[in-house]
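What follows is a single structure, written as structure tokens, with notes after it.
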Amino acid sequence: MMQAAVSNGRTGLNLSAPPPELGLDRLQGTKDRLLADPAVALVLEHAGTVEAASIPGMLAQVEAYCRSCGDPVALRKRLVQVLLESLDNLCRHAKGVFGDSSFVLLVRCGDGYRLCTGNAVPAATGVLLLHRLGILNSMGHEDLREHYLKLLSNAGRTVNGGAGLGLMSMARKVVRPILGTVQSLGPFTSYLTFEMRLGADPDQDGPAAA
């Protein structure tokens, strides 16, 4: 069974820095790792609070880049949808004391893309999301679609996506597994990161595909 990659260590995370520097540190570390490959190109980067008013501009920037690369319409739409879901999650849920420590990074890798995000969350939320991620990574395409449709019809769902619809929606559009890590910021708060890959076909080479 494929599980989410989990890290509880503190390596690479500057816990003494004020909240804004947390996002900058994580963004820079992720950039250094991915852009070490000369074939990888930077598309979008952002550190700090994600404001609702800034999301349309980010989406337009990414869509323009995709068009300039001649990407297939299906890939372009999937990328914009996943990016929108990720940005919306950060806008809605990365709030409070650590609200300005988020980051978003999008790079082009070959004929696809890699999207990385990070934000502070309550420690229990981080554990729960990684557990859900492990389950989603282990599911085949048809099982994932069936569970997604059931979740859509769930009357207990909230406008804030409390039932996990957003994560499941992204899992259907990317090449799984989605990688997730959680690092402790103290007894009550963790730093959660996601890394996902988008290609021409989300099911053509994902380990969890049916």
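Would you confirm, using the coordinates I've provided, whether residue 152 is free of Cβ contacts under 8 Å to residues at least 40 places away in the same chain and out of contact with any strand residue (DSSP E or B) (no Cβ under 7 Å at 6 or more places or on another chain)?
So residue 152 passes the test.
Does region 93-130 hold any residues that are without any contact (Cβ under 8 Å) to a residue 40 or more places away in the chain and closer than 19 Å to residue 165 by Cα, and which are they?
Those that are without any contact (Cβ under 8 Å) to a residue 40 or more places away in the chain and closer than 19 Å to residue 165 by Cα: 124, 128.
Checking the condition more than 23 Å from residue 175 (Cβ to Cβ) and within 16 Å of the chain's Cα centre (by Cα), which residue from 48, 57 passes?
Unique residue meeting the criteria: 48.
Could you please find all residues in region 1-26 being surrounded by 13 or more Cβ atoms within 10 Å (Cβ to Cβ) and either at pLDDT 70 or above or of a type in the set (Lys, Arg) (or both)?
19, 20, 21, 22, 23, 24, 25, 26
Return the only residue of 134, 126, 70 being at positive phi and either outside any helix (DSSP H, G or I) or at pLDDT below 95 (or both).
The conditions single out 70.
All but one of (1) assigned to a strand (DSSP E or B); (2) surrounded by fewer than 18 Cβ atoms within 10 Å (Cβ to Cβ); (3) among the β-branched types (Val, Ile, Thr) hold for residue 80; state the number of the condition that does not hold.
All conditions pass for residue 80, except number (1).
Looking at this structure, is residue 50 in contact (Cβ under 8 Å) with a residue 12 or more places away in the chain and in a loop (DSSP other than H, G, I, E, B)?
Criteria met by residue 50.
Name the single residue that is modelled with the lowest pLDDT among those in region 27-58 being hydroxyl-bearing (Ser, Thr, Tyr) and under 14 Å from residue 90 (Cβ atoms).
The qualifying residue modelled with the lowest pLDDT is 49.
Considering 68, 54, which residue is surrounded by fewer than 16 Cβ atoms within 10 Å (Cβ to Cβ) and under 30 Å from residue 189 (Cβ atoms)?
Every option except 54 fails the conditions.
For region 90-113, state whether one or more residues are modelled with pLDDT under 90, part of a loop (DSSP other than H, G, I, E, B) and among the polar types (S, T, N, Q).
Within region 90-113 (the criterion being modelled with pLDDT under 90, part of a loop (DSSP other than H, G, I, E, B) and among the polar types (S, T, N, Q)), the answer is no, since none of the residues qualifies.
The values are calculated or read from the model by the stated rules, or taken from the named source; none is laboratory data. A quick note: this is a predicted structure, and the numbers were derived from the prediction, not measured. Note that we place each Cβ from the backbone using ideal geometry, even for glycine, and neighbour counts take in every protein chain shown.
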